Amino acid sequence: MGIRYITVLKQGETGEMAAILYPFYTAVMCVLLGWMVCLYQGSQNNQLGLVFLIMIIAAIVYDNLLISVGRWIESKDLLLRLSHPRFLGHVTLTPFSVTVAYALCQQGNLPWAIAPNSGLGVFLVTLILIIAELLSYYRKFQPTTVLFQGTLRYTNSGYKMPPYPSIVTTILVGILGYYLWQQLGYPWLLVGSIVMFIGGAIPQNLVGPTICSGVEVILMTSFCITAETLQHATSLTGI
């Protein structure tokens, strides 16, 4: 399989902006990762939602870190091998955002979230989204190197369709965030999902991947703030 290079630098555009932003995104996500690990260690019971959130954040740290250092990896074969976990992590872990959002609703004792079989329904939805992600993303897998604003990364150039499973995931997270806002007064997850939806809707062929990666950081921050707030409220009420 030949390796193709695509340069998407635009005329008059700042050539190193992404090379600055991705290390920044990586640093922020590392802080969020450490924060959630500490939150999990301080929890009174094992919270599966926090485990999934930690896994998602760790995958995003890896994603942003690899994009940050990609241009310094001289072997493109090595870069491709290192990129496969990026692809697979995005496809398999992104849908678990719904599971995390549900776990936060459950921790907040929302009536529908603690009802029997509600967890099974969320698990089935997550499984369907993972299968849809796998089938759509790997249906025509063509790894291609992309040079953008001082960064070098692999993308799947064969993936031409809109990311419908990711869109559905964001919408479902937003719905669960709405319930948290309406019933507990915590708006952060709803706000984060709206920002993610708007930022993700901007075509990357116009602005590049930095905006989508940035709003992803905002969404994960909203998850972390919500988790911290619920943990604090739970410790105060003793629930």
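The values are calculated or read from the model by the stated rules, or taken from the named source; none is laboratory data. If you're wondering where the values come from, they're calculated on a predicted model, not measured in any experiment. Every residue, glycine among them, receives a Cβ derived from its backbone with ideal geometry; neighbour counts consider all protein chains shown. For the accessible areas, the whole protein counts, side chains as well, though only heavy atoms, and no ligand, DNA or RNA atoms are used. Shrake-Rupley method; radii C 1.70, N 1.55, O 1.52, S 1.80 Å.
In Å², and per residue, what accessible area does region 75-191 have when probed at 1.4 Å with the other protein chains present?
Value for region 75-191: 47 Å² per residue.
Carbon and sulfur together cover what percent of the accessible area of the chain at a 1.4 Å probe radius?
Carbon and sulfur atoms account for 69 percent of the accessible area of the chain.
Name the helices (complete DSSP H segments) of the chain with a Cα length along the long axis of 24 Å or more and a Kyte-Doolittle mean of at least -1.0, or state none.
Span-like helices in the chain: 17-41, 48-69, 76-93, 118-137, 164-184, 210-237.
Over the Cα atoms of the chain, Rg to Rh with Kirkwood Rh, two decimal places?
0.99
Is region 6-131 best put as rounded, prolate or oblate by its Cα gyration tensor, with a ≥ b ≥ c the root eigenvalues, rounded for a/c under 1.5, and otherwise prolate when a/b is larger than b/c, oblate when not?
prolate
To the nearest 0.05, how large is the calculated FRET efficiency for Glu74 and Val37 if R₀ is 35 Å and r is the Cβ-Cβ distance?
0.60
For region 97-239, what is the relative contact order in percent, using Cα pairs closer than 8 Å and at least 6 residues apart in sequence?
Once divided by the residue count of region 97-239, the mean separation gives 21 percent.
Let me check against my output: what whole-number percent is the relative contact order of the chain, with C-alpha pairs under 8 Å and at least 6 apart?
Relative contact order comes out at 25 percent.
With every protein chain left in place, what is the accessible area of Met161 in Å² (1.4 Å probe, nearest 10)?
It works out to around 60 Å².
Which chymotrypsin sites (Phe, Trp or Tyr not before Pro) does region 108-165 hold that lie in a coil by DSSP with at most 15 other beta carbons within 10 Å?
Trp112, Tyr138, Phe141
Which of rounded, prolate or oblate describes region 159-226 when judged by the alpha-carbon gyration tensor and an a/c cut-off of 1.5?
Prolate shape, in that a/c is at least 1.5 and a/b is the bigger ratio.
Just report the Cα centroid separation between region 146-223 and region 37-53, whole Å.
Going from one Cα centre to the other spans 24 Å.
For labels at Ile128 and Cys30 in the simple 7 Å Cα→Cβ model, what's the distance in nm?
4.0 nm
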